[in-house]
Amino acid sequence: MSTSVGAAEQEHDHAHEGHNHAHAPAPKASPVAPAASAVTQPRGKTAAQRKAEIIQDPRHLDPGMMSRRADLLAQAESELSQGNAQAAEKTLDRAAGMLHAADTEMGLVRAYMQAGDYRRALSFAAHTAGAHPEDISGLGLYAWLLHLGGQPAVARQLLDQTLTQVRPSQREAPSVRLLAEVSQRLQAQRLALDGAMLQPPMRLAPMAHGAVPAEQARVAGAAWLLPDGQHALVPLAAMPLEAPGTRLWLRNGLGRTVQATPEKVLPDIGLRLVHLREPLADPKDEAVAALWQVPARDAFPGTPAVVMSHARSPQASAAWPLLSVGFLGAPVPAPAFEAASAPPAMSASPAQPAPQLVPVSWRRLGIPLPEGQGAGPVLDMSGRLLGLAVPVPDGAQLVVPISRLRQVVGERFGQVSSEPTGQRQPVDQLYEGLLRATLQAIVAPPLN
């Protein structure tokens, strides 16, 4: 994970030939700290500044061309709102051929994200942050993606270095104010978005498309898509047992939203199995299947791991999930969930009593999460699923280990392989895979 802004610019320059830069091959690694030196140059002119002047100035004076460019940017936003990331990418390519500008490139970053290509988005965001000193809000989008993808220290470094070198006369510039707000939100760990943070071109979230949640809906936490693409596990904390009739929608990290209905309560593990009215993944998709590699036995305490989570929010705004890195915590006894008020669940017939389950110790999550984050899948660094983080009655997050999930959920896990992958995956690769399977759980009260 060491690609610099300079390398990203070289890729961008080469790909711009023929106005087809959006189709350049995805980089293999994420850009990190070297971006700071390219972004924060308060005196003199960097190569990026001189280049931007040469490319931009002659064309931004042509009103007809700029009007057509504005139309293309608006068209791309409409295409993203309809879930058509590929069409938006092509439209933004055309706009990029008219002007080398930060707003077009932030749109491309978001189009890559909405297509599920986090690593490509991150690399191109590094270019945008370094090559456009005239609009440093591009650095806000880059820092947000770094933070979400498990690199919060790098994000803080970039933001701090840039903001401390802004001249007093520039502090009220719109892009500087946006960057300052991004910095404040990340410092305070406030990841639920509203206001300017959801406005293009910097917009720090996917465009929601598909089913439309009710006005009273809110994000109650994270859920986890099962490998058949049409079922998910939702924590009881997000959809309590005592709230029959609660309406539910699920949304993946690409912004696609579907309505779901409860199918079965699993009170022993604090989860609810729900059925999606439309599938969110094709079970034959290799990328989905790769998320269901599981270890042969439960992980030991101290195992390096990542967890994906979603910020709870009083609104139903779309968001990208947060990946946090740390170590699996100590074993703990299985917690007790209130099961008395559970609605009738599908069960075996009296002639076929359910098998007695072997007691399994749970794990403390062990990975610090910002307040208000509802956690989901926990993976080891080779991409194997270790379990699901579930909120328990005392407010903590515990991990249901994979052996317990397979005992209770059974065939819903599909055909899983217990063979180790044998290779540690970069964190950005883990994030990219989890983007499709970690869902926002969106709930609304029952209809009267």
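Only residues that are farther than 26 Å from ARG218 by Cβ and either in contact (Cβ under 8 Å) with a residue 40 or more places away in the chain or of a type outside the set (S, T, N, Q) (or both): list them for region 168-182, please. Once the filter is applied, which keeps residues that are farther than 26 Å from ARG218 by Cβ and either in contact (Cβ under 8 Å) with a residue 40 or more places away in the chain or of a type outside the set (S, T, N, Q) (or both), region 168-182 yields PRO168, ARG171, GLU172, ALA173, PRO174, SER175, VAL176, ARG177, LEU179, ALA180. Checked against the criterion of being modelled with pLDDT of 90 or more and closer than 15 Å to ARG272 by Cα, the candidates ILE367, ILE442 yield just one match: ILE442. Under the condition of being open to solvent by 40 Å² or more (accessible area, probe 1.4 Å) and touching a helix residue (DSSP H, G or I) at 6+ places or on another chain (Cβ under 8 Å), the residues counted in region 384-413 number 1.
For region 217-226, does any single residue satisfy the condition of being in a loop (DSSP other than H, G, I, E, B) and at positive phi? No - not one qualifying residue is present in region 217-226.
Residues that are outside any strand (DSSP E or B), closer than 18 Å to THR438 by Cα, open to solvent by 10 Å² or more (accessible area, probe 1.4 Å) and of a type outside the set (D, E, K, R) within region 261-287 comprise PRO279, LEU280, ALA281, PRO283, ALA287, listed in sequence order.
Of everything in region 170-194 that is under 19 Å from the mean Cα position of the chain (by Cα) and not in a loop (DSSP other than H, G, I, E, B), the residue that is nearest to GLY107 (Cα to Cα) is VAL182.
The set of residues in region 80-101 being touching a Leu at 6+ places or on another chain (Cβ under 9 Å), assigned to a helix (DSSP H, G or I) and either touching a residue at least 40 places away in the same chain (Cβ under 8 Å) or of a type outside the set (Gly, Ala, Ser) (or both) consists of ALA85, GLU89, THR91, LEU92, ASP93, ARG94, ALA96. The condition of being at pLDDT below 90 and at positive phi holds for only one of GLY372, GLY387, that being GLY372. State yes or no: is LEU280 under 15 Å from ILE442 (Cβ atoms) and modelled with pLDDT under 95? Yes: the conditions hold for LEU280. Scanning region 244-260 for residues that are open to solvent by 30 Å² or more (accessible area, probe 1.4 Å) and touching a strand residue (DSSP E or B) at 6+ places or on another chain (Cβ under 8 Å) yields a total of 3. Here PRO206 fulfils each of the conditions (1) open to solvent by less than 30 Å² (accessible area, probe 1.4 Å); (2) part of a strand (DSSP E or B); (3) of a type outside the set (Ser, Thr, Tyr) apart from (2).
When the residues of region 221-243 are filtered to those that are open to solvent by less than 10 Å² (accessible area, probe 1.4 Å) and small (Gly, Ala, Ser), the one that is nearest to ASP194 (Cα to Cα) is GLY221. Are any residues in region 212-240 in contact (Cβ under 8 Å) with a residue 60 or more places away in the chain, more than 24 Å from PHE337 (Cβ to Cβ) and within 19 Å of the chain's Cα centre (by Cα), and if so, which ones? PRO227 - this is the single residue of region 212-240 that is in contact (Cβ under 8 Å) with a residue 60 or more places away in the chain, more than 24 Å from PHE337 (Cβ to Cβ) and within 19 Å of the chain's Cα centre (by Cα).
The values are calculated or read from the model by the stated rules, or taken from the named source; none is laboratory data. The shown structure was predicted, so the numbers you read here are calculated from the model rather than taken from an experiment. Please note: Cβ atoms are built from the backbone with ideal geometry, for glycine as well, and neighbour counts cover all protein chains shown. Heads up: the accessible areas ignore ligands, DNA and RNA and are worked out on the full protein's heavy atoms, side chains in. Shrake-Rupley method; radii C 1.70, N 1.55, O 1.52, S 1.80 Å.
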